[in-house]
Amino acid sequence: MEWKWKTIIEPFKIKTVEPLGFTTREERVRLLEQAHYNLFNIRAEKVLIDMLTDSGTGAMSADQWGGIMRGDESYAGARSYYNFEEQVRELTGLREIIPVHQGRAAEKILFSVIGGKGRYIISNSHFDTTRANVEYSGAQAMDFPAKGALDFDKTAPFKGDADVAAMERFIKDKGAENIPLCVMTVTNNSLGGQPVSMANLKKVQELCRRYGIPLFLDCARFAENAYFIKLREKGYNQRPVKEIAEEMFELADGCWMSSKKDALVNIGGFLAMNNAEWAQKCRQLLILTEGFNTYGGLAGRDLEALAIGLREVLDENYLHYRIRSSAYLGEGLIKKGVPIVNPPGGHGVYINAKKFLPHIKPQNFPAQALACALYLEGGIRGVEIGTLMFGRRDAKGNFIAAPMELVRLAMPRRVYTQSHIDYVIEVCGSLAKDKKKIRGLEALEVSPILPHFTAKLRPL
Ligand code: F0G
């Protein structure tokens with residue numbers, strides 16, 4: 001349906017409700033202290049608006065809950081598996097389909113098979129678990145974001161694109177034989193949930209084909225990416241999003257999906273490819289770590305809900321509401337003087353903490369300080385994407401800051417309404433007035449792998 005009105009209406013009615021976690025400011029002061037200024041340690045009941053992630057936090061539809069009841073829990077050959085397989089194959093066109101319990105399980109399995117020392121995985125940008133799994137295998141994860149992707153003030157339609165020329169220089173330098181895979185993350189989560197254009201995907205595919213490097217999609221948010229292509233790329237305006245998504249997958253030799261995003265489920269994922277030899281090796285690891293080929297760490301009911309979600313997510317009324325909601329949040333923040341990554345991403349808005357809090361040095365985690373301040377001010381939970389997540393020490397122990405300091409406010413799917421978003425804008429506006437009072441943090445404990453999940457900090 002053409003939507004000519006400014007008001008964003010949620011394209012659903014609400015049948016089941018959950019209370020929000022109201023707390024007082026005094027409580028939040030204490031809770032932050034107890035959590036060592038790490039919002040992963042706060043009980044969800046103590047969060048009012050939870051924008052930590054859009055992963056597994058969505059609301060399922062009545063149809064999906066119906067699927068949950070129909071789930072076939074047979075150990076081998078369950079009907080739910082075949083429903084899932086058919087749906088994934090229809091969307092992706094790929095032959096070998098391997099269920100896993102979530103995205104990183106697919107990554108662990110795939111990179112155990114194709115990674116290893118001396119190898120490089122190239123990408124527009126690896127998500128943090130992808131990078132961690134590549135590096136854990138001994139390989140190196142190399143990012144080639146589009147020029148200007150890190151210029152957060154500049155608006156461009158497809159800032160998730162890869163820099164194809166830089167990729168090619170790297171391939172020539174290291175040798176294609178040392179690069180077992182190129183992965184395009186759609187949308188590009190680490191750099192603001194920005195979409196990748198079909199034109200760029202085609203160029204990357206052409207490059208990969210020329211050098212004999214398989215191309216995979218990390219397709220957690222494929223439907224949002226396809227909708228952005230429809231909105232922003234020439235020639236796609238009249239095409240159904242489903243067709244656009246299928247065209248994206250046609251370019252790939254494989255993919256993996258954290259289905260906790262665009263399959264609208266609370267748990268689930270898959271790995272899919274055409275290479276039967278890789279698939280066979282992956283399935284051996286699947287049985288070792290996840291489960292038998294036809295359930296891969298999921299219950300039959302999860303597979304059923306996943307299959308339905310993959311269809312529902314391509315509903316254009318839903319996608320309109322989804323993408324407009326993020327844009328509305330972004331526009332609201334800008335009006336309140338809060339700098340964001342422009343334009344707003346698909347699954348949320350990323351506040352540019354480096355610009356917002358120039359008085360806090362990178363080693364004092366400006367984005368983490370801002371995330372804590374947002375919780376303190378209004379019970380809102382976002383996530384840091386900055387030096388806590390990506391900061392490093394070089395061989396001599398010198399501190400290396402992350403290139404960006406962002407706080408991601410991710411939008412769970414079909415969960416919050418426009419008034420919740422108005423509240424978030426109001427709280428951010430209030431913080432903006434007193435931002436000089438926000439103090440940096442110092443690290444007490446930081447682990448080498450995925451440090452942001454477990455780090456302990458204290459205010460300066
Ligand atoms: N790839 C991308 C692009 C992701 O965003 C995620 C997860 C994964 C892979 C890993 O999948 O969580 O199912 O194991 N992103 C979540 C987030 C955690 O908050 O952005 P998973």
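The values are calculated or read from the model by the stated rules, or taken from the named source; none is laboratory data. This one's a predicted model, so the numbers in the text were calculated from it and none came from an experiment. Every residue, glycine among them, receives a Cβ derived from its backbone with ideal geometry; neighbour counts consider all protein chains shown.
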Of ALA220, ALA245, which residue is at pLDDT 95 or above, assigned to a loop (DSSP other than H, G, I, E, B) and under 18 Å from PHE270 (Cβ atoms)? ALA220
Are there any pairs with C-beta distances below 8 angstrom linking a residue in the stretch 395-422 that is in the same structural domain as VAL338 (by TED's automatic domain parsing) to a residue that is of a type in the set (Lys, Arg) and within 16 Å of the ligand (Cβ to nearest atom), with the two at least 6 apart or on different chains, and if so which? MET411/ARG322; ARG413/LYS261; ARG413/ARG322
With surrounded by 24 or more Cβ atoms within 10 Å (Cβ to Cβ), at pLDDT 95 or above and farther than 30 Å from ALA299 by Cβ as the only criterion, which of ILE122, ILE109, ILE171 stands out? ILE122
Please count how many residues of the stretch 270-293 are over 21 Å from SER74 (Cβ atoms) and in a strand (DSSP E or B). 3
May I ask you to verify whether GLY160 is buried (at least 22 other Cβ atoms within 10 Å of the Cβ), in contact with a Leu (Cβ under 7 Å, 6 or more places away or on another chain), of a type outside the set (Val, Ile, Thr) and under 19 Å from ARG408 (Cα atoms)? yes
Name the single residue that is nearest to ASN189 (Cα to Cα) among those in the stretch 409-424 being among the hydrophobic types (A, V, I, L, M, F, W, C) and crowded, with 20+ Cβ neighbours inside 10 Å. ALA410
Within the stretch 225-234, does at least one residue satisfy the condition of being in contact (Cβ under 8 Å) with a residue 60 or more places away in the chain and more than 16 Å from PHE158 (Cα to Cα)? no
Out of all the residues in the stretch 173-209, which are under 20 Å from PHE390 (Cα atoms) and part of a strand (DSSP E or B)? VAL183, MET184, THR185, ASN188, GLN194
Could you list, in sequence order, all residues of the stretch 103-145 that are in contact with a His (Cβ under 7 Å, 6 or more places away or on another chain) and among the aliphatic types (A, V, I, L, M)? VAL134, ALA141
What is the number of the single condition among (1) within 16 Å of the ligand (Cβ to nearest atom); (2) touching a Pro at 6+ places or on another chain (Cβ under 9 Å); (3) not basic (Lys, Arg) that ALA44 does not meet? (2)
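Taking the stretch 369-389 as the region of interest, how many residues are closer than 9 Å to GLU405 by Cβ and within 16 Å of the ligand (Cβ to nearest atom)?
First, the residues of the stretch 369-389 that are closer than 9 Å to GLU405 by Cβ: 370, 384-387.
With the extra rule that they be within 16 Å of the ligand (Cβ to nearest atom), the set shrinks to 384-386.
Qualifying residue count, the stretch 369-389: 3.
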Just checking, which of ALA146, ALA165 is in contact with a strand residue (DSSP E or B) (Cβ under 7 Å, 6 or more places away or on another chain), of a type in the set (A, V, I, L, M, F, W, C) and surrounded by fewer than 24 Cβ atoms within 10 Å (Cβ to Cβ)? ALA146
Among LEU207, LEU215, LEU201, LEU264, which is the only one that is modelled with pLDDT of 95 or more, on the phi > 0 side of the Ramachandran plot and either among the aliphatic types (A, V, I, L, M) or within 16 Å of the ligand (Cβ to nearest atom) (or both)? LEU264
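The rows are residues; the columns are (1) on the phi > 0 side of the Ramachandran plot; (2) more than 16 Å from the ligand (Cβ to nearest atom).
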| residue | (1), (2) |
| --- | --- |
| HIS101 | no, no |
| ILE109 | no, no |
| ILE114 | no, yes |
| ILE121 | no, no |
| PHE127 | no, no |
| GLY138 | yes, yes |
| MET142 | no, yes |
| ASP153 | no, yes |
